[in-house]
Amino acid sequence: MAVQKMKMMQLVAPLEDLVPVVIALFRTGGIHLTDAEKMIENYAFTIPVTEENMAKTVDVSTVRNFEKENFTGERRKLALNYLQRKPREMGDIFAQKSLTTTLTPEQEAVLAGLTQLDQQIEEIKKAQKDAKVNLNLLRLLSANDIEYADLAGLEQFSFAFGTLSEIGRRAIRSAYEKIPAAILHLGQISKEELYLLVYPNKVENEIRRLEDRLSMKCLSPKFPKEKSNEQSARFIEQKLAEGEATLASLQKEKQTRIHRHEKDLEGLYYAASLGDAVNQAKQYFARGKEYFYVTGWVSDADEAAFRQTISGFKDTFVQFIDEKNVSAKAPTRLHNNALVRPFEAMVNMYGTPNYNELDPTGFFAITYVILFGAMFGDFGQGAIFALLGLLLKKMRHPNLGGVTLRMGLASMAFGLAYGSVFGLEDVIPALVIRPFNNINTVLIAAIVFGVGLSSVAYILGIVNKLRMHDVQEALFGKEGLCGFVLYLSILLLVVNMAVKPILPAGVLTIIILLALAGILFQQPLTNLLMKKRPLYKQAVGDYYVETGFSLLETLISIFSGALSFIRVGAFAINHVGLFMAFSTMGRMMGGAGNVAMLIIGNIVIIGLEGLIVFIQSLRLEYYELFGKYYVGDGKPFVDAKKMLSNH
């Protein structure tokens, strides 16, 4: 459970080997690509001047970016559409044995044939849609006792069909007397209102302007003048039937071809995906006349594997630079075991761990499930959460499913401790305690548990600050050593007064004053300790005003933080009390009503209280613990293989 040590890989290889090198790199391990051209510009990519590297040293002076390309991924999307699959169902493209960006003649022919079929199908669908509109128009004309042939036979008049929006209809009604046309509402077509306009030929231009002004969608049907509406309608119906038959035949042919050429389509998908991935990767690369340049972060553990991979190519140069010697900020790549890995997503919701700080995932995972289980302790309801987690994992939601499963298991464990099964406390004995019968004990235990977690958080914070060489915050900060001493001393003073003396009050008072002084004078004390001058980095008055307010905030947060964990005990008690309310209502109803109320009560508790406890546990982690030890300002490691293959 740690942040992996990273190194900057810098690679130079011949342009003709670009595709095989990219495939080999992505097959070897994770790499976080960076802008190679910028690194060269900033003199952060240096090639040792040797006889072997002479051509590369000269070539680097001609370096530039690859030309930008439009990554539509059209062929890849077509292949997936024909195969009716999702990208994850196709697996890792770089795991395929033989990869190429070039389509075979068979694949080109299959794609061309299917594309042509698609065009024919779309043309027929459009013709069918237009025919249905025309058929509906004829029926509306017949319903209004209007023959199309009569309209077409007009000599001094013209006519037009069109649909209008609500705004257009209101405009016509308000200015009807000013429009030089007879307007008839025929009915509804394609969920829009259809109108017929009849007007003198000489005002045609004015009518066209009116249509534009009203945003009228004009229809242009062409029916034979010599046929009646009924005859034209029968002719269209016949054409529609023929079109449906042709459409069914083409779709059957399409499915037959897809089934017959499934392997070709899979190969097409992998080739197109690789081409898209390589083209996108090139946007991070730089190129000269003969070579291309790659820069990216890899884990220290993968260095040997990358060296071995690159050694298989001729005329290459590669070097791995420790992150301490690189000006760019290293990304954070976490390495956690399967038990706590699902919680990485919840940690990243707050922020990615800084490369130099401790990975909080393990501590977060353990404390989160304990907090949730303590507040939602019920064996039966926890089993529901565990089953839901397993279901989510099967539905390809590993993080959410993993977290839910562990929450459920913790709830089951605390359910055994509390003796609760689906809210019933007379089914199994309590192995530890019944919260509702021991309210004071549970609340005090919650506070003590919170103090323990906060103490660990303080220690982790001090370690993190020392790792980041922040001596001032580590020793004298409000979340550093002085803050931790102040926290413990104040709590011990409260225990002395409320319970029994542990340390003399005078000793605790002196420790508190020394801790307060350390926080107040943290900047000058640090500079004295590190032998730096001046002692203050700002005006002395401004410094003490700012630090004074910070000190006041620290004192308030000590009390509020300690009491904040009382909610753990409160929710454990509330969990029992809420079910008791449903149980009481059920007994009042009796019989089947009692059973129904118990079921409803469990559903409400699992859904509503489960969500509330989930949020409260997260709040305690984020605000009461993370604030003491976690910065979370890191840059996440993005594996180029996953990023590019799923683009």
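The number of residues in the range 488-542 being free of Cβ contacts under 8 Å to residues at least 24 places away in the same chain and either part of a loop (DSSP other than H, G, I, E, B) or in contact with a helix residue (DSSP H, G or I) (Cβ under 7 Å, 6 or more places away or on another chain) (or both) comes to 20. Evaluation of residue 225 against the conditions (1) open to solvent by 70 Å² or more (accessible area, probe 1.4 Å); (2) under 30 Å from residue 135 (Cα atoms); (3) modelled with pLDDT of 90 or more shows that the sole unmet condition is (3).
Is it fair to say residue 547 is open to solvent by less than 80 Å² (accessible area, probe 1.4 Å) and more than 27 Å from residue 484 (Cβ to Cβ)?
Working: open to solvent by less than 80 Å² (accessible area, probe 1.4 Å): yes; more than 27 Å from residue 484 (Cβ to Cβ): no.
Spelling it out, it is not the case that residue 547 is open to solvent by less than 80 Å² (accessible area, probe 1.4 Å) and more than 27 Å from residue 484 (Cβ to Cβ).
Can you pull out every residue in the range 367-382 that is closer than 21 Å to residue 433 by Cβ, assigned to a helix (DSSP H, G or I) and either open to solvent by 20 Å² or more (accessible area, probe 1.4 Å) or not aliphatic (A, V, I, L, M) (or both)? Talk me through it step by step, then tell me what you get.
Quick first cut of the range 367-382, residues closer than 21 Å to residue 433 by Cβ only: 367, 369-382.
Keeping just the survivors that are assigned to a helix (DSSP H, G or I) gives 367, 369-375, 379-382.
Residues satisfying the conditions are 367, 369, 370, 372, 373, 379, 380, 381, 382.
The residues on offer are 569, 593, 607, and the sole one that is touching a helix residue (DSSP H, G or I) at 6+ places or on another chain (Cβ under 8 Å), free of Cβ contacts under 8 Å to residues at least 40 places away in the same chain and not aromatic (Phe, Trp, Tyr) is 593. Would you pick out the residues in the range 449-495 that are under 32 Å from the mean Cα position of the chain (by Cα) and either small (Gly, Ala, Ser) or within 15 Å of residue 565 (Cβ to Cβ) (or both)? Answer for the range 449-495, where residues must be under 32 Å from the mean Cα position of the chain (by Cα) and either small (Gly, Ala, Ser) or within 15 Å of residue 565 (Cβ to Cβ) (or both): 450, 453, 454, 456, 457, 458, 461.
Looking at this structure, is residue 344 part of a loop (DSSP other than H, G, I, E, B) and in contact (Cβ under 8 Å) with a residue 12 or more places away in the chain? Talk me through it step by step, then tell me what you get.
Numbers: part of a loop (DSSP other than H, G, I, E, B): no; in contact (Cβ under 8 Å) with a residue 12 or more places away in the chain: yes.
Answer is no for this residue.
Considering only residues that are of a type in the set (Gly, Ala, Ser) and open to solvent by 40 Å² or more (accessible area, probe 1.4 Å), which ones fall in the range 100-145?
Let us first name the residues in the range 100-145 that are of a type in the set (Gly, Ala, Ser), namely 109, 112-113, 127, 131, 142-143.
Selection gives 109, 112, 127, 142, 143.
Could you check the range 228-248 and list, in sequence order, the residues that are free of Cβ contacts under 8 Å to residues at least 12 places away in the same chain and open to solvent by 80 Å² or more (accessible area, probe 1.4 Å)? Give the steps one after another, and end with the answer.
Quick first cut of the range 228-248, residues free of Cβ contacts under 8 Å to residues at least 12 places away in the same chain only: 231, 234-235, 238, 241-242, 245, 248.
Listed by number, the residues that qualify are 231, 234, 235, 238, 242.
When the range 28-60 is limited to residues that are of a type in the set (Gly, Ala, Ser) and either free of Cβ contacts under 8 Å to residues at least 40 places away in the same chain or surrounded by 18 or more Cβ atoms within 10 Å (Cβ to Cβ) (or both), the one that is nearest to residue 320 (Cα to Cα) turns out to be 44.
Do we find that residue 24 is out of contact with any helix residue (DSSP H, G or I) (no Cβ under 7 Å at 6 or more places or on another chain) and either touching a residue at least 24 places away in the same chain (Cβ under 8 Å) or open to solvent by 20 Å² or more (accessible area, probe 1.4 Å) (or both) in this structure? Step through it out loud before you land on a result.
Values: out of contact with any helix residue (DSSP H, G or I) (no Cβ under 7 Å at 6 or more places or on another chain): no; either touching a residue at least 24 places away in the same chain (Cβ under 8 Å) or open to solvent by 20 Å² or more (accessible area, probe 1.4 Å) (or both): yes.
Answer is no for this residue.
Here the strands (runs of 3 or more DSSP E) wholly within the range 130-221 that include at least 1 residues being among the acidic types (Asp, Glu) are 192-200. Among residues of the range 272-288 that are in contact (Cβ under 8 Å) with a residue 12 or more places away in the chain and among the hydroxyl-bearing types (Ser, Thr, Tyr), those with a Cβ under 7 angstrom from a residue that is in a helix (DSSP H, G or I) and crowded, with 24+ Cβ neighbours inside 10 Å, sequence gap 6+ or separate chain, pair up as 273/76; 284/36.
Of all residues being surrounded by fewer than 16 Cβ atoms within 10 Å (Cβ to Cβ) and more than 49 Å from the chain's Cα centre (by Cα) in the range 184-197, which is nearest to residue 154 (Cα to Cα)? Just the residue, please. Break it down into steps so the answer makes sense when it comes.
Let us first name the residues in the range 184-197 that are surrounded by fewer than 16 Cβ atoms within 10 Å (Cβ to Cβ), namely 184-185, 187-188, 190-192.
Subsequent filtering for residues that are more than 49 Å from the chain's Cα centre (by Cα) retains 184-185.
Numbers: 184: 17, 185: 20 Å.
If we take residues in the range 184-197 being surrounded by fewer than 16 Cβ atoms within 10 Å (Cβ to Cβ) and more than 49 Å from the chain's Cα centre (by Cα), then 184 is nearest to residue 154 (Cα to Cα).
The values are calculated or read from the model by the stated rules, or taken from the named source; none is laboratory data. Bear in mind that the values here come from a model prediction, so they are computed numbers and not experimental data. With ideal geometry, Cβ positions are generated from the backbone for all residues, glycine too; neighbour counts draw on all protein chains shown. Just the protein is used for accessible areas: all its heavy atoms, side chains included, with ligands, DNA and RNA removed. Shrake-Rupley method; radii C 1.70, N 1.55, O 1.52, S 1.80 Å.
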